[in-house]
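Accompanying notes for the structure given below.
The values are calculated or read from the model by the stated rules, or taken from the named source; none is laboratory data. Bear in mind that the values here come from a model prediction, so they are computed numbers and not experimental data. Virtual Cβ from ideal backbone geometry, glycine too; neighbours counted across all protein chains shown. Each accessible area value is taken on the protein alone, full model and side chains, heavy atoms only, with ligands, DNA and RNA left out. Shrake-Rupley method; radii C 1.70, N 1.55, O 1.52, S 1.80 Å.
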Amino acid sequence: MGNALVKKEPPPPVVLVPPLFDYPPLSARTRMLESSYNLLFGKLALRCLFEDYFEEANRFTAKFLLKPTDDPHVDLVASVSGAVDGRVEGDFVGNAEFRWQSDVDDPHTFVDLSVSTSNPVLLMRSSAYYPKYGIGAFAVYPLISKITGKSSEEYRIMGLRYGSTNLSVGATVTPFSANNELPKHAWLVSKMGSLTVGVQYEPLHGSKDLAKYTDPRNWSCAAGYGVGSQSPLTPSFNMGIELARSSQFIASFYQHVVVQRRVQNPFEENQVVGITNYIDFGFELQSRVDDSKTPPNAPDSLLQVAASWQANKNFLLKGKVGAHSSTLSLAFKSWWKPSFAFNISATTNHRTGNVQCGFGLRVDNLREASYQRADPNFVMLTPNKEHLAEGIVWKMGKRPMYQADVDAENFSELPKELRPSQKIL
């Protein structure tokens with residue numbers, strides 16, 4: 001009788017933490033093939049903000065990211081694009097990439113074959129990374145190319161790199177070239193607390209080796225300031241300045257904000273009191289500082305601003321404004337297996353006032369949803385694969401991750417793909 005009078009305590013309120021639309025970004029899968037100088041200083045985040053889910057005017061793009069259930073080490077990424085009206089002949093572009101990855105959770109050791117309707121037709125890329133020593137080696141080699149001779153040498157590349165918690169250094173060579181340049185490309189990036197500085201050498205001018213090394217047009221330098229972790233589930237702030245080839249000054253700013261808002265959703269349990277939103281804002285200014293050193297085909301001064309808002313697991317709103325045009329994009333994503341995403345972009349030409357639309361479609365089963373629930377006073381609970389699970393899910397699995405863990409940068413309870421990297425790669 002006494003037990004019958006004991007009332008069950010209601011479950012504590014929780015906050016939904018929806019999965020990010022595209023994380024980790026696809027460009028991060030091949031970051032070992034790129035210079036760290038071109039990825040740090042907020043450049044990778046800005047590239048995703050300015051490009052992802054923005055379709056060109058009057059064009060469509062379809063992308064398929066698939067992997068077999070029997071072997072998670074291999075996957076296929078294919079894309080097709082073309083004009084919406086189909087009036088332009090030869091405008092259809094297709095690409096396919098077959099990839100083998102040594103470790104499912106580590107994308108830095110892989111081999112892939114890329115087939116394209118453009119040049120090169122068949123390209124092989126490989127990378128081997130040893131995290132214990134921070135050393136990586138990579139190679140890019142065209143197997144079939146539409147062009148031959150010197151113009152095809154830029155695709156035949158071998159490189160070596162080293163990365164630690166505060167240093168990244170690397171270089172590439174073209175060993176199959178008749179006039180092998182040593183190096184073809186080199187970079188050095190160092191991080192000291194919140195400050196990151198770097199320099200990059202990429203020869204385009206000068207005929208003799210000594211002249212190339214001393215020509216300021218072959219050098220670029222940058223400095224950046226960043227606070228917050230690299231995990232997308234916590235806020236971050238990055239700003240950077242760069243002097244590119246002694247002729248162009250670039251200033252950029254990127255901020256990622258994680259906010260919680262109250263929500264009343266009839267499809268959720270009563271204890272769900274809020275939802276987490278992701279807001280991103282980016283700014284980039286490029287201006288010439290010396291016209292005499294600027295290449296003839298270099299663009300004029302450029303200013304662009306972009307912002308995005310992910311309201312829940314299904315809807316993403318993005319917009320960007322530039323000197324010549326502005327674009328607004330709305331994306332919808334259904335988290336089935338595989339997931340489906342559809343986006344429409346409307347681009348307005350500032351000179352003519354004409355508005356043209358572009359369309360995009362994505363089918364993806366490479367990345368699973370990390371739909372999570374959290375105590376409203378903290379950040380999150382560890383993910384559960386069933387993103388439409390019952391309210392009892394918050395009790396399952398490992399302990400919740402509290403705000404104190406985030407402040408102490410203890411991300412051990414996060415999925416591996418959401419943890420910030422401990423090295424400058």
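Observations on the structure shown:
- Long pairs among LYS184/LYS212; LYS67/LYS146; LYS146/LYS184; LYS191/LYS212, criterion Cα-Cα beyond 21 Å: LYS67/LYS146; LYS146/LYS184; LYS191/LYS212
- Here the 3J(HN,Hα) profile of the range 324-339, calculated from phi with Karplus coefficients 6.51, -1.76 and 1.60 at θ = phi - 60°, is 9, 7, 9, 9, 10, 10, 10, 10, 10, 10, 10, 8, 7, 10, x, 7 Hz, Gly and Pro shown as x.
- Rounded to the nearest 0.05, the FRET efficiency derived from the C-beta distance between ILE241 and ARG47 at R0 = 25 Å is 0.90.
- Extending 7 Å from Cα along the Cβ direction at ASP70 and again at ILE144 yields two label points whose distance is 2.6 nm.
- Residues with amide H under 5 Å from that of VAL121, placed H, sequence gap 5 or more: ILE144, SER145, LYS146
- Average accessible area per residue (Å²) across the range 20-83 - probe 1.4 Å, nucleic acids and ligands excluded: 40
- Simple spin-label estimate for TYR23 and GLU56 gives 3.0 nm between the two label positions (7 Å along the Cα-to-Cβ direction from each Cα).
- Percent carbon-and-sulfur accessible area, the range 29-115, ignoring ligands, DNA and RNA, probe 1.4 Å: 55
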